[in-house]
């Protein structure tokens, strides 16, 4: 059984064979949140460009991309910079407990993710007490911009990938990877291809023949990517895997992190 909290509600989900059992949410919410409206067989046929991709799909068949709330997704990925997954979870929990609302569900207490106004009006000390460190200022500045309607998430869903990414890159704490994660997981840009250390490894070990030797050597020598190098990998992925490159990224990401690749 998996418990989640999104859109001011707590829900739980369990998969039994091919059926989903859930409480705390209606069918429309579950379909939307887990992107059950995506035509997964068609997506798989589009991204199955090579033996590696087909093997990754075989192992993780059924994997889907959740449709997250853009505001929550944005702040979560700003917090994720240079942090481990357990540390990120702790930051998000502390933010929610400090600035969100408590909801009792069964025998547990959950906390909603705070809205932009709550974080915009927070002090830096309050944010740092949530273990944000240097991210505190970025989170508050971004919250103030969102609270003043300087970014319209619904509008970003309607414009093309490059334009939407340019808008997000104007926010404090948002670089290429954060922008691509937000675009992929919450703004309907399934062509977004977040590049991290795992994707660098995939490119070096399995797709090097699509790049010149000097570029691959550069990837091996540097821990971080220059913007032009990051964009080069993303452009390759969109050309190679097509408009569902983000789904390809997720299958490859879980494949390599499982130590299969």
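The values are calculated or read from the model by the stated rules, or taken from the named source; none is laboratory data. Since this is a predicted model, take the numbers as computed values, not measurements. FYI the Cβ positions are ideal-geometry reconstructions off the backbone, even for glycines, and counts take in every protein chain you see.
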Of the conditions (1) at pLDDT 90 or above; (2) in the same structural domain as residue 153 (by TED's automatic domain parsing); (3) out of contact with any strand residue (DSSP E or B) (no Cβ under 7 Å at 6 or more places or on another chain); (4) over 26 Å from residue 177 (Cα atoms), the single one that residue 28 does not satisfy is (2)
If you go through 171, 219, 225, the only one that is in a loop (DSSP other than H, G, I, E, B) and not assigned by TED's automatic domain parsing to the domain that holds residue 156 is 225
Output for Cβ contacts, cut-off 7 Å, separation at least six or different chains, first residue within 16 Å of residue 237 (Cα to Cα) in region 45-62, second in a loop (DSSP other than H, G, I, E, B), reads 54/48
Flagged pairs (Cβ under 7 angstrom, 6 or more apart or on separate chains; first in region 178-204, at positive phi and outside any helix (DSSP H, G or I); second modelled with pLDDT of 95 or more and surrounded by fewer than 21 Cβ atoms within 10 Å (Cβ to Cβ)) are 188/157
ask   = Does at least one position in region 156-163 carry a residue that is assigned to a loop (DSSP other than H, G, I, E, B), more than 22 Å from residue 231 (Cβ to Cβ), without any contact (Cβ under 8 Å) to a residue 60 or more places away in the chain and outside the structural domain of residue 234 (by TED's automatic domain parsing)?
value = no
Verdict on residue 242 being surrounded by 14 or more Cβ atoms within 10 Å (Cβ to Cβ) and on the phi > 0 side of the Ramachandran plot: yes
Among residues of region 141-151 being surrounded by 13 or more Cβ atoms within 10 Å (Cβ to Cβ) and free of Cβ contacts under 8 Å to residues at least 60 places away in the same chain, the residue nearest to residue 190 (Cα to Cα) is 151
Residue hits (region 63-95; over 12 Å from the mean Cα position of the chain (by Cα) and free of Cβ contacts under 8 Å to residues at least 24 places away in the same chain) are 82, 83, 84, 85, 86, 88, 89, 92, 93
Counting only residues in region 21-44 that are free of Cβ contacts under 8 Å to residues at least 12 places away in the same chain and farther than 30 Å from residue 199 by Cβ, the one surrounded by the fewest Cβ atoms within 10 Å (Cβ to Cβ) is identified as 28
Checking 183, 168, 190, 219 in turn, the sole residue that is surrounded by 14 or more Cβ atoms within 10 Å (Cβ to Cβ), modelled with pLDDT of 95 or more and over 27 Å from residue 144 (Cβ atoms) turns out to be 190
Scanning region 98-113 for residues that are surrounded by fewer than 16 Cβ atoms within 10 Å (Cβ to Cβ), touching a strand residue (DSSP E or B) at 6+ places or on another chain (Cβ under 7 Å) and free of Cβ contacts under 8 Å to residues at least 40 places away in the same chain, the one nearest to residue 2 (Cα to Cα) turns out to be 109
